[in-house]
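The values are calculated or read from the model by the stated rules, or taken from the named source; none is laboratory data. These numbers come from a predicted model, not from an experiment. Methodologically, a virtual Cβ is constructed for each residue, glycine included, from the backbone with ideal geometry; neighbour enumeration extends over all protein chains shown.
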Amino acid sequence: MNVLIYDTEEQIGIAAGNYMCGQVLAKPNSVLGLATGSTPLKPYNHMIRLYEQGAVDFSKVTTFNLDEYCKLDVEDKNSYHSFMHENLFVQALLGDPAFLLFDEPTVGLDPEERIHFLDGNAADLEAECKRYEESIRAAGGIDIQLLGIGSNGHIAFNEPSDSFQRWTHVVSLKESTIQDNSRFFNTIEEVPTQALTMGIGSIMQAKRILIIALGEHKAKAIKQVISCNVTP
Ligand code: F6R
């Protein structure tokens, strides 16, 4: 494990964006595991910057997102589909700023084939979780997984619990996570109470993991990780 400490979010954005792009430069058809939230915003900005400079080409990349809310329209501004399209895909992977959620892109990546999300509106959520695991396997596994971490130590939507949930699964969100995420919604009642998430096993199968923590409120969780005291 390498631990790098930076003074500013800007520096983290550059370091993490370079690391993700370095993976794509080394292997153009890389499979990237991606996260949402405020943590990856600067890294995604930097990836877009490098793409715009012509330094990196994402056209052969495949992506899998970590998680998605249940029972939230994918076109809702708070869905993780929307987040990714707004903060990375439209600008860097699809190349056409006019591209909107499931319209045909004009250049680059075919969203149907290369961009993968969990479907939190699937009729059979358990079957959807299995389908996702199989798609990751069929793509050859994740080369690099980008992660944030919650203030309570959650990874993706794997909330603190008594045991590790291994594979992709349905989760009921803890009150603290609903509180944390309510800042993006009009009222706390609008925050979905369930989500689909890759499990810790699915995440740990990634060939490399880049976890980023911003801010003092994450210090306790990160201290435990650094001292190898990792618990469910
Ligand atoms: C996002 C995700 C979450 C966030 C975590 C931190 O896909 O799975 O676990 O990484 O909630 O969120 P931020 O970055 O907003 O502090």
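Annotations
- Residues that are surrounded by fewer than 20 Cβ atoms within 10 Å (Cβ to Cβ) and touching a helix residue (DSSP H, G or I) at 6+ places or on another chain (Cβ under 7 Å), drawn from region 19-47: LEU41, ASN45
- Residue identified as touching a helix residue (DSSP H, G or I) at 6+ places or on another chain (Cβ under 8 Å), of a type in the set (Asp, Glu) and over 30 Å from VAL3 (Cβ atoms) among ASP124, ASP119, ASP143: ASP119
- Qualifying positions in region 185-224 - over 17 Å from the mean Cα position of the chain (by Cα), over 22 Å from ASN18 (Cβ atoms) and part of a helix (DSSP H, G or I): ILE188, GLU189, GLU190, GLU216, HIS217, ALA219, LYS220, ALA221, LYS223, GLN224
- Residue in region 121-141 that is more than 17 Å from TYR69 (Cβ to Cβ), within 16 Å of the ligand (Cβ to nearest atom) and in contact with a Gly (Cβ under 6 Å, 6 or more places away or on another chain) present: no
- Residue match in region 36-51 (condition: modelled with pLDDT of 95 or more, within 19 Å of the chain's Cα centre (by Cα), among the aromatic types (Phe, Trp, Tyr) and within 23 Å of SER135 (Cβ to Cβ)): no
- If you go through region 198-223 and pick out every residue that is touching a helix residue (DSSP H, G or I) at 6+ places or on another chain (Cβ under 9 Å) and not small (Gly, Ala, Ser), you end up with 8.
- Selection count, region 11-45, where residues are free of Cβ contacts under 8 Å to residues at least 60 places away in the same chain, away from the ligand (no atom under 16 Å from the Cβ) and not small (Gly, Ala, Ser): 8
- Selection count, region 143-166, where residues are more than 14 Å from the ligand (Cβ to nearest atom) and surrounded by 17 or more Cβ atoms within 10 Å (Cβ to Cβ): 2
- Hits in region 167-176 (condition: more than 13 Å from the ligand (Cβ to nearest atom) and outside any helix (DSSP H, G or I)): TRP167, HIS169, VAL170, SER172
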